[in-house]
Amino acid sequence: MDNAFGQPQTVVVLGGTSDIARAVVRRLAAARADTVVLAGRDAGALAAAAEEARDFGALQSPQVTFDATDVADAGRVVADCFAAAGREVDLVILAVGRLGHQEEDQDDPARAGEGALVNFAWPVAALAAVRRLLVAQGHGRILVMSSVAAIRVRRSAYLYGGAKAGLDRLATGLATSLAGTGVSLHLLRPGFVRTKMTAGEPEPPLTTGVEPVAEAVVRGLATGQPVIWSPPVLRWAMLVLRHLPARLWSLVMDR
Amino acid sequence: MSRLSGWGRTAAVEADVLEVTSEEQVAAALAAALAPRGLGRSYGDAAQLAGGRVLDLRGLDAISPVSPDGLVTVGAGASLDALVRAVIPAGWFVPVTPGTRQVTLGGALAADVHGKNHHRDGTLGAHVTRLRVISPTGIHELTPADGERFFVHLGAMGLTGVITEATLRLLPVSTDRVLVDTERFDDLDGVMAAMVEGDHRYRYSVAWVDCAASAQRGRAILTRGDHARVDDLAGATLRPPRPARLAVPVTAPPGLLNAVSVAAFNELWFRRAPRRRVGEPQRLETFFHPLDGVRDWNRLYGPRGLVQYQFAVPDDAAETVRTAVSRLAASRVPSFLAVLKRFGAANPAPLSFPQPGWTLALDLPVGPPALPGLLDDLDALVVAAGGRVYLAKDARLAPATVRAMYPRLGDFAALAARFDPEHRLTSDLDRRLRLREG
Ligand SMILES: Cc1cc2nc3c(=O)[nH]c(=O)nc-3n(C[C@H](O)[C@H](O)[C@H](O)COP(=O)(O)OP(=O)(O)OC[C@H]3O[C@@H](n4cnc5c(N)ncnc54)[C@H](O)[C@@H]3O)c2cc1C
Ligand SMILES: NC(=O)c1ccc[n+]([C@@H]2O[C@H](COP(=O)([O-])OP(=O)(O)OC[C@H]3O[C@@H](n4cnc5c(N)ncnc54)[C@H](OP(=O)(O)O)[C@@H]3O)[C@@H](O)[C@H]2O)c1
């Protein structure tokens, strides 16, 4: 159960090897999370993340493997995670995502489609399964990792940004559908974060490491923030940027 | 579904609330999992079950006539307020009262509540001659002669069965006043020494301690007294307590209670108290339930609510009390006057909170980022001292810590399983701390 400070005890992470998710899990495990279920595609990396969760205080960290290009499998993955938790689940973190390579993917139907599966279709299917199980429990929270890239799509990453925009909009709708069920949803919108996903990419202004993102998540969980921005100033920056005329936007964001 | 929380207004949940007015309805409801609930004055998640069934027992509110020797049989849903109103005109008072009358008898027994007289009269449970409990295994009529089968329900936080009725031995009083001695102390050591030296001369004793981060940290006001007799007063009366005259109509904005506003309040409170005053007659409700004068005062703590941290430590760990006060002051987490008391002997109930020594209770606003860690640190100090935290106030303990604080949790779980083999009696407190797992 969540305590008075919004600290969960049982956590499921879809994308358990994500650098951002791991930073969040380290903090949750150091507080009250004693059961952390990690789902991912690479068993070795999952085992390492699971060991890290235990090092930080979790008592058990079972693992479930899946591949997010297999949308039909999403229901099974979520059911396995809930079963592995063995208790009612307080928090589900959806961290699956892939940046891809815009230049190589944009004219390749197979690769473009696969990116949309990982960033949009699989998360949507998984959220449907999560919604059903949490609503049946009558409590629990969902953290969806969106991105500032979803707020206004850039030419230089429109495949990723477009799919994230779909997920972001879908999640806000899902959040309102949860009113009165005891379940709630937090939408995380990070800026550029130094992780294995962005390794080698040029760093724009306001780039951070994973720790500030994890700190913002934990604060957002404690205060019940529906939308969590990291760094927080992005909320105001995007308010301005999203309304720039298209040419100016392109000039600023697609240099 | 209705939205529910404890008095601290933290961790609110949606639950399906079923109001009952008869024992048959209670027995029928026990076919499935549920959490009993009285007036919801426990601070945390003890009287709620997120996404599940909550049994509202306020409808079991019958109060019998008082027998000549002071025995009264009361429905578990009746409030202590209703009980006091019913019996005071005939010269009876409740033998133990918590700091608010707005609790049900069932809730008070489920928490095994204590009052300002614990050092000589024990908990409310010590004044119960008969309990009626319904659990999935049937209806149980129990008296103290039943030993552990009786005591397990006291302090069980609703996890052994639903108390439907209890017979209590009331305290005879001849007036509605308490004669109060007040003393002000400049530091914690002074007030603690005075309590050790003199509490045994009074039926009631409690101290308010200033935990604000100022030079005056640890200053205290000690109030002690006993019921006034007719010849102590001119024009003695036996009138029921006055209802609340003030209310907090809306939830305050976040941050209203900060280090500055709380320090200012504490300053006023201390200035108001006399350095020393003897034998002042006070109304029962002024002495016992000052907070009941303002309805919904918990809303002052803003949308994120408050936690209360109440711990007990043995006499030889008085240092823990000093450390707690100075850590709190150093953290600058604002705390209204903290309440300090001495506890007398413990009773045989496995989860009963009081143990001989000191108890300190602190009301703290949720919000300061340092608070969760500060309280975890205090937990460690309390465990090291052989002490414990009060479950009726808790909203944030960890399962492992509770096991260190309540070494008889295993006995409790085994006994509870005899009344409820399928674990239908539960709550968010139970699920968070896994109390029934032992
Ligand atoms: C301002 C204030 C001052 C307080 N001062 C004190 C004090 O001085 N000393 C002290 O000891 N406590 C004190 N308390 C705590 C309070 O006395 C307890 O939390 C008490 O349990 C509240 O009773 P309730 O009817 O509101 O119970 P609830 O909060 O509704 O329930 C409390 C627990 O009792 C269980 N329960 C309720 N009814 C039944 C039943 N019929 N059968 C079985 N289980 C049941 C619930 O499941 C839950 O676990 C104070 C609380 C407040 C808000
Ligand atoms: N880093 C940023 O700048 C940034 C900014 C905004 C939003 N985000 C979002 O934040 C989330 C976490 O990202 P991150 O930065 O922590 O990057 P990350 O470490 O690469 O995490 C991405 C996660 O998705 C998993 N994943 C990718 N493709 C998969 C597939 N086909 N099947 C199963 N799992 C797959 C990854 O597994 P592997 O570990 O096996 O690859 C990893 O667990 C993502 O949703 C990302 O879009 C990141």
## Note on the structure
Expected output for the stretch A:1-25, residues with a loss of 30 Å² or more in accessible area relative to the chain alone at probe 1.4 Å, reads A:M1, A:N3, A:A4, A:F5, A:Q9
### Only Lys, Arg (+1) and Asp, Glu (-1) charged, at Cβ; the stretch A:92-138 dipole about Cα centre in debye
540 debye
### Query
So, with a 1.4 angstrom probe, what is the percent of accessible area on the stretch B:177-397 that is carbon and sulfur?
57 percent
### Message
From zero outward in steps of 5 Å, how is the percent of C-alpha pairs of the stretch A:3-145 spread across the bins?
### Response
2, 11, 21, 23, 19, 13, 7, 4, 2, 0, 0
#### Entry: A:V135 paired with A:R242, simple spin-label distance in nm, labels 7 Å along Cα-to-beta-carbon
2.6 nm
### Query
In Å², rounded to the nearest 100, what is the total accessible surface buried by chains B and A against each other with a 1.4 Å probe?
1700 Å²
### Summary
The answer for the net charge of residues other than B:D292 whose Cβ lies under 13 angstrom from its Cβ, with Lys and Arg +1 and Asp and Glu -1, is +4
### Message
For a test of the definition: using alpha carbon positions, the gyration tensor, and the 1.5 limit on a/c, classify the stretch B:121-236 as rounded, prolate or oblate.
### Response
oblate
### Members of the stretch B:392-407 that become less accessible by 40 Å² or more once partner protein chains are added (1.4 angstrom probe, chain alone as reference)
B:R396
### Task
Consider a paramagnetic label point 7 Å from the Cα of B:E319 along Cα→Cβ; state which residues of the stretch B:359-386 have an amide N under 12 Å from it.
B:385
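For B:A28 and B:D296, calculate 0.36 nm times their separation in residues minus their Cα-Cα distance, and state this gained length in nm to one decimal.
93.1 nm
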### Task
Compute the signed sum of charges (Lys and Arg +1, Asp and Glu -1) over the other residues within less than 12 Å, Cβ to Cβ, of A:L143.
+1
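Which of rounded, prolate or oblate describes the stretch B:188-267 when judged by the alpha-carbon gyration tensor and an a/c cut-off of 1.5?
Judged from the Cα gyration tensor, the stretch B:188-267 comes out oblate (a/c at least 1.5, b/c at or above a/b).
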### Query
When chain A is modelled as a GNM with alpha-carbon springs shorter than 10 Å, which of A:A47, A:A21, A:A121 fluctuates the most?
A:A47
## Note on the structure
Around B:P89 (Cβ within 12 Å, Cβ-to-Cβ, excluding B:P89; K/R +1, D/E -1) the net charge comes to +1
### Message
Just to confirm the filter: which trypsin sites (Lys or Arg not before Pro) across the stretch A:166-229 are DSSP coil and have at most 16 other Cβ within 10 angstrom of their Cβ?
### Response
A:R194, A:K196
### Task
Among DSSP beta bridges whose residues both lie in chain A, state the antiparallel percentage, nearest 5.
0 percent
### Message
Just to be sure I understand the interface: list residues from the stretch B:1-33 that lose 40 Å² or more of accessible area between the chain on its own and the complete protein assembly, 1.4 Å probe.
### Response
B:E14
### Task
Skip the ligands, DNA and RNA, and give the accessible area per residue of the protein assembly as shown with a 1.4 Å probe, whole Å².
39 Å²
## Note on the structure
The size of the Cβ-based charge dipole (Lys, Arg +1; Asp, Glu -1) of the stretch A:10-253 about the Cα centre, to the nearest 20 debye, is 900 debye
### Message
I'd like to know how chain B sits against the 2.2 N^0.38 Å rule of thumb: what's its Cα Rg over that expected value?
### Response
0.94
### Message
As a test of understanding, state the convex hull volume per residue of chain A from its alpha carbons, in Å³.
### Response
119 Å³
#### Entry: Distance between the stretch A:164-233 and the stretch B:274-317 - C-alpha centres, whole angstrom
41 Å
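Do you know the relative contact order of chain A, to the nearest whole percent, from alpha carbon pairs under 8 angstrom that are 6+ apart?
18 percent
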### Task
Could you please state how large a percent of the accessible area of the stretch A:10-253 is carbon and sulfur, counting protein chains only and using a 1.4 Å probe?
58 percent
### Task
Return a whole-number percent for the relative contact order of chain B, with Cα pairs under 8 Å and 6 or more residues apart as the contact set.
19 percent
### Query
For the stretch B:177-397, with only Lys/Arg (+1) and Asp/Glu (-1) charged at the beta-carbon, what is the dipole magnitude about the Cα centre, in debye rounded to 20?
740 debye
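Over the stretch B:177-397, what relative contact order in percent results from Cα pairs under 8 Å that are six or more residues apart?
Working: 410 pairs, mean separation 55.9, N = 221.
Across the stretch B:177-397, relative contact order equals 25 percent.
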### Between the stretch B:13-83 and the stretch B:140-161, the alpha-carbon center distance in angstrom
16 Å
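The values are calculated or read from the model by the stated rules, or taken from the named source; none is laboratory data. Please read these numbers as outputs of a predicted model, since none were measured by experiment. Positions of Cβ are generated from backbone atoms using ideal geometry, with glycine treated the same way; all protein chains shown enter the neighbour counts. Quick note on the areas: whole protein, heavy atoms, side chains included, nothing else; ligands and nucleic acids left out. Shrake-Rupley method; radii C 1.70, N 1.55, O 1.52, S 1.80 Å.
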